[in-house]
Amino acid sequence: MDALDEILSFVNRFPDAEDEAIDLLLDQLEHESSLKSSIIDKESVNRVTSVLLQAEAAAEGDSGSASNHSAIRVIDAFLVPKFRYDSIKKHFYQHAGSLPIHGEASAKAALYRDRFLLLFQRVSRDQHFSRPSFDVVNSEFGSCEITTGFFTENTIVVAEGEMLVDGIFQVITCGFPPLEDRDQSLKLLAGYDFFGGGTLKKEDTLRLADLEKRAANDMFVILSDIWLDNEEVMGKLEVVLDGFESVEVVPSLFVFMGNFCSHPCNLSFHSFSSLRLQFGKLGQMIAAHPRLKEHSRFLFIPGPDDAGPSTVLPRDPLEFLVSGVLNTWSLNSMDCVMLDYRECSSFELNLAV
């Protein structure tokens with residue numbers, strides 16, 4: 001009973017991560033060299049919990065002395081690992097080597113096939129999903145019911161209906177595939193680093209969950225179409241920065257998404273020096289807000305009409321334009337942001353509905 005009390009006392013320190021705390025404690029007890037039997041006493045539990053709490057205190061000391069910027073990681077879309085699903089072996093494998101700049105004729109078909117297999121492996125785990133008894137058939141949608149959702153071009157949908165005697169599949173209901181809980185996906189796909197932020201150990205997950213609980217007032221501010229050559233836009237942006245300068249907890253990250261110019265930066269655009277000066281004025285505007293300058297970071301993501309060699313996603317960063325802006329990251333048009341162990345992907349593109 002004394003050992004159980006010690007375990008409960010340790011787990012109660014992490015009210016939002018009890019399962020992770022128990023798993024971590026059991027792993028440490030299993031590797032405890034002084035254990036001679038399967039019976040766990042109070043001294044063994046106390047010894048292990050003391051080590052874990054000391055490690056947590058050391059991590060808190062490091063995080064307290066460091067800036068909140070260390071909790072934010074930005075992953076370049078060009079550096080995100082590439083995985084493909086093997087439908088025969090039913091597991092993922094990482095693509096080795098570099099990808100060519102110009103795809104081959106089969107690249108487009110491979111893109112859609114990989115998207116379908118990625119979704120298929122998740123849907124096939126759903127208990128309400130049954131594999132159809134036909135492969136390629138003519139479908140008739142007619143007046144079928146469409147479920148709620150945001151359907152864009154190339155959206156993959158699940159259709160429910162009836163196979164008619166003439167070989168046509170008459171669709172009754174059409175909608176998105178069933179959702180899967182994030183925790184369940186992480187358990188099934190443990191060990192795969194799809195995001196590019198590295199795989200987390202149980203100790204790291206426990207510590208980051210505690211940091212997330214403490215940063216309840218932390219926030220990201222995401223703005224798009226920041227036209228630096230438009231006085232009205234710049235005036236409104238200054239009002240926004242003034243407002244966040246006066247709040248109790250300033251945002252840890254501002255995400256500025258293009259386009260950054262009211263005119264397309266194509267081959268006929270010859271005002272790059274002027275645009276660079278506009279980014280310099282933006283840096284001066286940020287520097288005029290001391291709290292934002294010290295505690296916030298700024299992430300710039302190019303839009304579809306911003307400067308760059310191509311409009312294909314992901315696009316190159318705007319480093320040659322934002323190099324004079326303080327506390328900034330300049331990434332390509334598709335990036336991944338990690339705050340603690342939360343993950344966020346962002347890109348700027350006009351979706352065709």
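Of Lys108/Lys281; Lys187/Lys213; Lys90/Lys201, which pairs sit farther than 31 Å apart, going by alpha carbon to alpha carbon? Too far apart for the 31 Å limit: Lys108/Lys281. Quick one: which residues, 5 or more positions from Asn259 or on another chain, have an amide H under 5 Å from its amide H? H modelled 1.01 Å from N in the peptide plane, none for Pro or chain starts. For Asn259, whose amide H was placed from the backbone, the distant partners under 5 Å are Asp225, Ile226.
Highest mean first, the peptides 232-244, 216-228 sorted by other C-beta atoms within 10 Å per residue fall in the order 216-228, 232-244.
Karplus-derived 3J(HN,Hα) values for the range 119-127, using 6.51 cos²θ - 1.76 cosθ + 1.60 with θ = phi - 60°, are 6, 4, 5, 7, 5, 5, 7, 6, 5 Hz; glycine and proline are entered as x. Kirkwood-type hydrodynamic radius, the range 146-196: 14.1 Å, calculated from all non-identical alpha-carbon pairs.
A protection proxy built from the mean count of other Cβ atoms within 10 Å ranks the segments 270-280, 205-215, 248-258, most packed first, as 248-258, 205-215, 270-280.
The residues His102, His289, His295, sorted by heavy-atom accessible surface at 1.4 Å with ligands and nucleic acids left out, run His102, His295, His289 from largest to smallest.
Each part gets one Cα centre, and for the range 292-307 versus the range 201-262 those centres are 10 Å apart. Residues whose amide H falls under 5 Å from that of Glu343, counting only those 5 or more places apart or on a different chain, are absent, with hydrogens built in the peptide plane. Each residue, Val74 and Ile88, gets one label point 7 Å from its Cα in the Cβ direction; the gap between the two is 4.3 nm. The 3J(HN,Hα) values that the Karplus relation (6.51, -1.76, 1.60; θ = phi - 60°) gives for the range 250-259 are, in residue order, 6, x, 7, 8, 10, 10, 9, 10, x, 6 Hz. Gly and Pro appear as x. A simple count of charges around Leu282, restricted to other residues whose Cβ falls under 12 Å of its Cβ and scoring Lys, Arg +1 and Asp, Glu -1, yields 0. FRET efficiency for the Cys144 to Ile101 pair, using the beta carbon distance and R₀ = 41 Å, is estimated at 0.45. DSSP assigns beta bridges within the range 144-302; of those with both partners inside it, close to 35 percent run antiparallel.
The values are calculated or read from the model by the stated rules, or taken from the named source; none is laboratory data. Predicted, not measured: the structure shown is a model, and the values here were computed from it. FYI the Cβ positions are ideal-geometry reconstructions off the backbone, even for glycines, and counts take in every protein chain you see. Accessible surface is based on the protein model in full, side chains and every heavy atom, while ligands, DNA and RNA are left aside. Shrake-Rupley method; radii C 1.70, N 1.55, O 1.52, S 1.80 Å.
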